[in-house]
Amino acid sequence: MTGLLFNDAEWDFATLDRTFRAIEEIALNELGLDVYPSQIEVISSEQMLDAYSSMAMPLMYSHWSFGKLFAREESLYRAGYTALAYEVVINSNPCICYLLEENTMPMQALVMAHAAFGHNHFFKNNYLFQQWTDAEGILDYLSFAKRYVAACEERYGREEVELTLDSAHALMNEGVFRYRRPPRPSRERQREKVRARLRYEEQAHNELWRTLPAGVDVAAPPAIADADEMEAGESKLPEENILYFLEKNSPSLRPWQREILRIVRSLAQYFYPQRQTKVMNEGCATFIHYTIMNRLYDKGLISEGALLEFLHSHTSVVFQPDFDDPRFSGLNPYALGFAMMADIKRIAEHPTAEDKEWFGEFAGCGDYMTVLRNAWANYRDESFIEQFLSPHLMRQLRLFALHDKAGAGAYDVTHIHDERGYRDTRAALARLYDVALADPNIQVARADLQSSRTLYLTFKPHRGVPLHRTSKEQVRAHIRRLWGHDVELEDERAD
Amino acid sequence: MTHFIDRRLNPKGKSLGNRQRFLRRARAQIRDAVQKSLKDAAVGDVDRARKVKISTRGTSEPRFRLDPAEGGERDFVLPGNREYTPGDEIKKPPSGAGGGGKDAALSGDGEDDFEFTMTQDEILDIFFEDLELPNLVRTTLKETTQRSWRRAGITTAGAPTQINLVRTMRNSFSRRLALRRPSLAEIKALVDELDELLGKTPQLPEQEARILALRQQIERLDARRKWVAFIDPIDVRFNAFTEQPIPTSQAVMFCLMDVSGSMGEREKELAKRFYMLLHLFLKRRYEKVDVVFIRHTHDAQEVDEQEFFYSRQSGGTIVSTALDKMLEIQKARYATADWNIYAAQASDGFTQSGDARHCVEMLDAQIMPLCQYYAYIEILDEREMEVFASEESGAELWRAYRALATRWPNFATKRIAKPSDIFPVFRELFRKEESG
């Protein structure tokens, strides 16, 4: 192919298509990425706000909190405080990428490389996503959830449904399985269930039904909460997934409420891998768009102007202000992720003696894409940083670790980017990305089903950090609503 | 295998439902905020989108979270070290956890107040929410000329434009399934096989038998396709509509405004603003309310909306001319049997001497018996407001009307001295009665 893919900032669908093919060529054949087919949708800014406020999903059940988020985002956007994201990408198969119509053509190219290949590859290959999310089924599940919630509102009243959803949302972070997969009914039990259903259908069979005209179609919510799934005593205590426990064991919930809890916790579980891989996911996508855009330029497919526009927005995305800069608001996952990916490439291609000592297994191997693809597939943020953050990069970012004790007047600097501090600084940073440590550790300890029906939860403090007091009481009220009886939340002494 | 989809033309307002849910949820706070923000607003600004700031109390979404400021210890990592070595101390910023960027980032706090933009419709809805025209009665049920079309299910007969495609196709599909209408693909497969057999030059006897069988089968299927139609008249369904009468209660609002020379520009402006609000209220809440605009100096005339709000005129003051005009119009066009009659009068309270008594007589004898509600708004300037601090003292018309108000419970008097009075006065005048 000769000549530029596009000359100016304007885009049209033919140009998008041409550019997509050029990017695809590089991504699949040169970088060896493995992606879901992509479905690229061009949307307006209002639709982008819509997507923002419904957990970035194309369809979502109705709830006031999404309206609140929309109102907030909209007023921030209209006042010019925030710019909209250039893209939104959904972990589904086909992988849906939203492009904002206002983007210029170089930006559309960047976004396609970033989302349709970067994120897409990560979603398809990372072990967390493979294990925990169902890219094939998520859109169908969401459309089921939307219809189900709407049907419940129709049947049981909007208020009722809203209250249940409020309480379920309050427990969303406590609605995931962190260490084990949810127990599945055994094969035998599933077969037994099918047999029982067939038996029931046979008993309930009536020739008369077959003569009814096709029009009779009662829009009843599908009854999914099978009675035998609710048998108590099946769940083992302690249980970390509070929503799951309530769904299965709450003495007061009605079947449709259980189903709503199930919907909310399914979504929480679906998003849980994203929370654990922010740095890697963004780092992977940013590294890929950076590599692809530069390749496009090298191949003479985009102009210098387009490359400069891309570099401008790329640098602002991976900008990392220092901690004492007024613009500082935490470590930028794009910056850290991109820097780590670029650093791995450097180590693979031009290692120093220090790199050889730290990363003997791949320093100087030359084939950085194999190293990266392996990292993207088999790590999450915490283990990735623990494994791949190099002393070189720690010096470059000038990372230093601090110790904070509540009540003390000052932070102690414990480790800095020097020979003695590399490992400890890196370990401290890795722990910051351990979602299991960032979320409070709350478990269902026991439930007194005989007399008072009180539910006992325990909070296990990590290094003595307590729960935020007011929110603790508010969430406890929500749990009480779902449990239907008293709920106690006690601190457990850390071992 | 990439699809590009242009979604820009998809229906807008996907999250409108969520927005309405949110507004309903935060109703109480929003109402307070709207009223606070309207207090000092010019009336012209009412029908305009505006920012509303509410607290997140009623709409908070609590989650369990950790509070490192409260106890315990933790480690964290920051970028950009320039001078520190292990063992150094960095002073914590004062006042607990509000440590600029770094702590806000770690604790995720900071959503106490919440500002967003509401559209004009949403604001007016909330402002007029609990207001109504007092004493409105259903006057004429006999005159139900108003009719509206309502959906009334599905029928088997109707106009082609009302065909319900989904139902029709569903019926057609199930009938085709039940009667086993052969699909085109099915026939094509047979035809292809036939063609292939015919193409072979030396035909074996079993092939010939097969050809014969195929021909018969194709013929049979073709015939079947003919008598099992794709869409049969019995499949067709239509949307049905019925006409339904709407019971109406007709109401007319007479707006009487003094535009004489004694009313300064400021007073006229205030009166106009009041009527604008009234007009907006009626337009929004009552589909069928006639509004009659009458302005007067020493002489009254009926004018249209444009003229009423925007033209200038000046002269002496005879309030009773406006009342005369109102009576005249009422007799000509608005029979009391069919109409609820309302009036709102705005004036600075000065009229030709002796005219006030004349007005009271007219109201007492002729107008008040007709009216459901009569509101009198006196426009003062701020100095006068201080002078007439008590309800008892006031200009001639005010004193005369005060006496009238004691006799007629549906007669109300209020005073406006500054723009910020308009909204509270308006709300007071049209507050919904507690007991119906």
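Ignoring everything but the protein chains, give the 1.4 Å probe accessible area of A:HIS403 in square angstrom, nearest 10.
Counting only protein heavy atoms, A:HIS403 exposes about 30 Å² to solvent.
Compute the relative contact order of region A:438-491 as a whole-number percentage, counting only Cα pairs closer than 8 Å that sit 6 or more residues apart in sequence.
The value is 40 percent.
Quick one: buried accessible area between A and B, total over both chains, 1.4 angstrom probe, nearest 100 Å²?
7800
Rank A:LYS405, B:LYS36 by accessible area, highest first, at a 1.4 Å probe radius? Walk me through the numbers before you get to the answer.
On the way: A:LYS405 110, B:LYS36 150 Å².
So, going from the largest accessible area down, we get B:LYS36, A:LYS405.
Roll a 1.4 Å probe over the protein chains and send me the accessible area per residue for region B:250-429 in Å². Show your work: numbers first, answer last.
Values: 7500 Å² over 180 residues.
With all protein chains present, region B:250-429 gives 42 Å² per residue.
What trypsin sites (Lys or Arg not before Pro) does region A:304-359 have in DSSP loop regions with at most 12 other beta carbons within 10 Å?
Listed in order of number, the matching sites are A:ARG327.
For every helix of n ≥ 4 consecutive DSSP H residues, a contribution of -39,500 (n - 2.57) applies; sum these over the protein assembly as shown, divide by its total residues, and give [θ] at 222 nm rounded to the nearest 500 deg cm²/dmol. Present the calculation step by step, with values, prior to reporting the outcome.
On the way: 36 runs with 425 residues, N = 931.
Helices in the protein assembly as shown give a 222 nm mean residue ellipticity of -14000 deg cm²/dmol.
What average count of beta carbons from other chains do you get within 10 Å of the Cβ of residues in A:423-435?
Per residue, the average neighbour count from other chains is 2.
Considering the Cα trace of region A:65-162, what is its radius of gyration and what is Dmax, both in angstroms?
In Å, with Rg to one decimal and Dmax whole: 17.4, 50.
Rounded, prolate or oblate: which fits region A:340-437 when a ≥ b ≥ c are the square roots of the eigenvalues of the alpha-carbon gyration tensor, with rounded for a/c under 1.5 and prolate only if a/b beats b/c?
Working: a/c = 3.30, a/b = 1.73, b/c = 1.91.
Oblate.
Other chains near A:55-65: what is the mean number of their Cβ atoms within 10 Å of each residue's Cβ? Mind dumping the intermediate values first?
On the way: counts 0, 0, 0, 2, 1, 3, 1, 5, 5, 12, 7.
Averaged over the peptide's residues, the number is 3.
Once the whole set of protein chains is in place, how much accessible area is left on B:LYS188, using a 1.4 Å probe, in Å² to the nearest 10?
120
Along region A:148-161, what does the Karplus equation 6.51 cos²θ - 1.76 cosθ + 1.60 (θ = phi - 60°) give for ³J(HN,Hα), rounded to whole Hz, x for Gly and Pro?
Listing the rounded values in order: 5, 5, 5, 5, 5, 4, 4, 7, 10, x, 4, 4, 4, 5 Hz.
Quick one: ranking B:ARG180, B:ARG415 by accessible area, 1.4 Å probe, largest first, what do you get?
B:ARG180, B:ARG415
Would you rank A:TYR52, B:TYR334 by solvent-accessible area, highest first, keeping every protein chain in place and using a 1.4 Å probe?
A:TYR52, B:TYR334
Going by Cα centres, region A:336-350 and region B:245-307 are how many Å apart?
Taking the Cα centre of each part, region A:336-350 and region B:245-307 sit 74 Å apart.
Around A:LEU171, what is the net charge, scoring Lys/Arg as +1 and Asp/Glu as -1 over all other residues with Cβ under 15 Å from its Cβ? Please list the in-between numbers first.
Values: positive: A:ARG178, A:LYS248, A:ARG258, A:ARG262, A:ARG265, A:LYS472, A:ARG476, A:ARG480, A:ARG481, B:ARG63, B:ARG65; negative: A:ASP166, A:GLU174, A:GLU239, A:GLU240, A:GLU247, A:ASP439, A:GLU473, B:GLU61.
Summing Lys and Arg as +1 and Asp and Glu as -1 gives +3.
With label points built 7 Å along Cα→Cβ from the Cα atoms of B:GLU219 and A:GLU192, find their separation and express it in nm.
Placing both labels 7 Å beyond Cα along the Cβ direction yields 6.0 nm.
When all protein chains stay in place, what accessible area (Å², nearest 10, 1.4 Å probe) is found for A:ARG258?
20
Expressed as a rounded percentage, what relative contact order does region A:340-437 have, with Cα pairs under 8 Å and six or more residues apart?
Numbers: 102 pairs, mean separation 22.9, N = 98.
Over region A:340-437, the number comes to 23 percent.
Once you keep just the Cα pairs under 8 angstrom separated by 6 or more residues, what percentage relative contact order results for region A:370-495?
About 18 percent, as a whole number.
Roughly how many nanometres apart are two label points built 7 Å out from the Cα toward the Cβ at A:LYS356 and A:GLU419?
Once both label points are built, they end up 1.9 nm from each other.
Could you please state how large a percent of the accessible area of the protein assembly as shown is carbon and sulfur, counting protein chains only and using a 1.4 Å probe?
50
Run the simple label-point estimate for A:TYR200 and A:ARG178 please: 7 Å along Cα→C-beta, distance reported in nm.
Those two pseudo-labels are separated by 3.7 nm.
In region B:215-253, which residues have a backbone nitrogen under 11 Å from the label point lying 7 Å from B:THR155's Cα in the Cα-to-Cβ direction?
Within reach of a label on B:THR155: B:238-243.
Can you give the Rg to Rh ratio for the protein assembly as shown, taking only C-alpha atoms and Rh from Kirkwood? Don't skip to the answer; put the middle values down first.
Working: Rg = 37.1 Å, Rh = 34.9 Å.
With Rg and the Kirkwood Rh in hand, the quotient comes to 1.06.
The values are calculated or read from the model by the stated rules, or taken from the named source; none is laboratory data. Remember, predicted model here, so these are calculated numbers, not experimental data. Note that we place each Cβ from the backbone using ideal geometry, even for glycine, and neighbour counts take in every protein chain shown. Just the protein is used for accessible areas: all its heavy atoms, side chains included, with ligands, DNA and RNA removed. Shrake-Rupley method; radii C 1.70, N 1.55, O 1.52, S 1.80 Å.
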